[in-house]
Amino acid sequence: MKAVRFHSHGGPEVLRYEDAPDPVPAAGEALVRVRACALNHLDLWERRGLPRVTIPLPHISGSDVAGEVVTSPSPDVPPGSRVMLQPGLSCACCPACLSGRDNECPQYEVLGYRNHDGGYAELVKVPLQNLVKIPNHIDFTRAAAFPLTFLTAWHMLLTRGRLADGDDVLVLAAGSGVGQAAIQIARLHGARVIATAGSDEKLERALELGANHVIHHHKQDIVEEIKRFTDRRGVDIVIEHVGEATWPKSMRALARGGRVVTCGATTGSNGVIDLTAVFAKQLSILGSYMGTKGELLQAARLFFAGQLKPVIDRTFPLADAAAAQQRMEESGQFGKIVLDVP
Ligand SMILES: [Zn+2]
């Protein structure tokens, strides 16, 4: 098959479009012909190399995949079925998995990260339980743009953040994958949403997606704007994934009893915590990583019904994966960047 691989860590130039061995599915696994694969920040971290993480080389990234089943261990999902892939891989038999918290499995892995080659390729193999059938009116590009970010935002808002009707939610970086998903999920569950972005065009797009109020994070002070919008109360939930650059503001933006939920630290992992504010205002700091298979299926029903709509920034052919990653590194995108696989 053709695939985009890297043989050493580095910039986008290490990505090579080349021949690679076809994946061979093990018992219980399906083989899927990839039609579209969306990018995530994780792809950039893998390519650059991560401290304390060994990625076997050469490596194929890609966690968000849609395509057609080639071979399957189950007649319920026969060859030719149109599917998107649940990006979380777990053992399916430990206490966490059997309690429906598969993203807490000791063996939890993300497709395309570390030991599992991903979707920057013509073929990918996954366990049967990771196949999610998609209806005919959902195209492969949008299906690939859905799983990881909507699953992440769903778990952050509803499970970790315990979003309630009427809550005020601050969503950082509206144009990011998690940002565009969080705005939609929060609005659908009755929240008021305040979103930040770094350009007027992105702020406009955030309003179109349903944000009630927007903040230009280069021109306006996030905390002051939050106070103004909430009558000095602060927000109930902050959707954090930026890290060092925004952490102090995220903490200060919280109302009493507020929850900051973090799923990433794009600008760095060191955040200072004012413990007095934590106890006096009864704040919660919550980590969130991916989400459960059950949550993905719940969110998918709303996607298939047209109530959640992944935003596509641009598509690139698979062979141009380096240019696609470059676009993500420059932070110019609004929504998901997707590789189309012919
Ligand atoms: Zn498990």
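Bear in mind these aren't lab numbers, they're just calculated from the coordinates by the rules spelled out. It should be emphasised that the depicted structure is a prediction, and the values quoted were computed from it without experimental measurement. Don't worry about glycine lacking a Cβ; one is built from the backbone with ideal geometry, like all the others, and counts go over all protein chains shown.
One chain, two ends: T71 and K2. Fully extended at 0.36 nm per residue, the span grows by 23.0 nm beyond their Cα-Cα distance. Loop sites here are trypsin sites (Lys or Arg not before Pro) outside DSSP states H, G, I, E and B with no more than 11 other Cβ atoms within 10 Å. The longest part of the chain free of them is 53-218. Residues of segment 180-202 with an amide N closer than 12 Å to a point placed 7 Å from the Cα of K219 along the Cα-to-Cβ direction: 197-202. The charge dipole of segment 186-295, taken about its Cα centre with unit charges on the Cβ atoms of Lys, Arg (+1), Asp and Glu (-1) only, comes to about 360 debye.
In the chain, the calculated helix contribution to ellipticity at 222 nm averages -7000 deg cm²/dmol per residue, counting -39,500 (n - 2.57) for every DSSP H run with n ≥ 4.
Split the chain at each of the GluC sites (Glu not before Pro) in a DSSP loop with at most 14 other beta carbon atoms within 10 Å, and the longest piece is 1-243. Here segment 270-342 is treated with +1 on each Lys and Arg Cβ and -1 on each Asp and Glu Cβ, and its dipole about the Cα centre works out to around 320 debye. Kirkwood radius for the chain, taken over all pairs of different Cα atoms as the inverse mean of 1/r, rounds to 20.4 Å.
Residues considered: L318, L44, L85. Largest GNM mean-square fluctuation over the chain, using C-alpha springs under 10 Å, is found at L44.
Toward the positive end of the charge dipole of segment 19-119, with +1 on the Cβ of Lys and Arg and -1 on the Cβ of Asp and Glu, the farthest Cα among W45, P56, N115 is that of W45. In this rough spin-label picture, where each label sits 7 Å from Cα along the Cβ direction, the F279-A323 distance is 5.7 nm.
Measuring against 25 Å, Cα to Cα, the residue pairs K227/K309; K202/K249; K133/K309; K281/K309; K133/K336 contain K227/K309; K281/K309 as the ones spanning a longer distance.
For the chain, DSSP calls about 55 percent of its internal beta bridges antiparallel. For K219, the aspartates and glutamates whose Cα comes closer than 18 Å to its Cα, not counting residues fewer than 8 places off in the same chain, are D200, E201, E204.
Does segment 230-342 come out rounded, prolate or oblate by the C-alpha gyration tensor, with a ≥ b ≥ c the root eigenvalues, rounded set by a/c under 1.5 and, if not, prolate when a/b is larger than b/c and oblate if not? It is prolate, given that a/c is not under 1.5 and a/b is the larger ratio.
Taking label positions 7 Å along the Cα-Cβ direction at both D22 and R232, the computed distance is 6.9 nm, reported to one decimal.
Label segment 98-237 by shape, choosing from rounded, prolate and oblate, from the square roots a ≥ b ≥ c of the eigenvalues of the Cα gyration tensor; if a/c is under 1.5 it is rounded, and otherwise prolate applies when a/b is larger than b/c, oblate when it is not.
Judged from the Cα gyration tensor, segment 98-237 comes out prolate (a/c at least 1.5, a/b above b/c).
Two tests apply to each whole DSSP H helix in the chain, Cα reach of 15 Å or more along its axis and mean Kyte-Doolittle hydropathy of at least 0.0, and the ones passing both are 177-188, 293-304.
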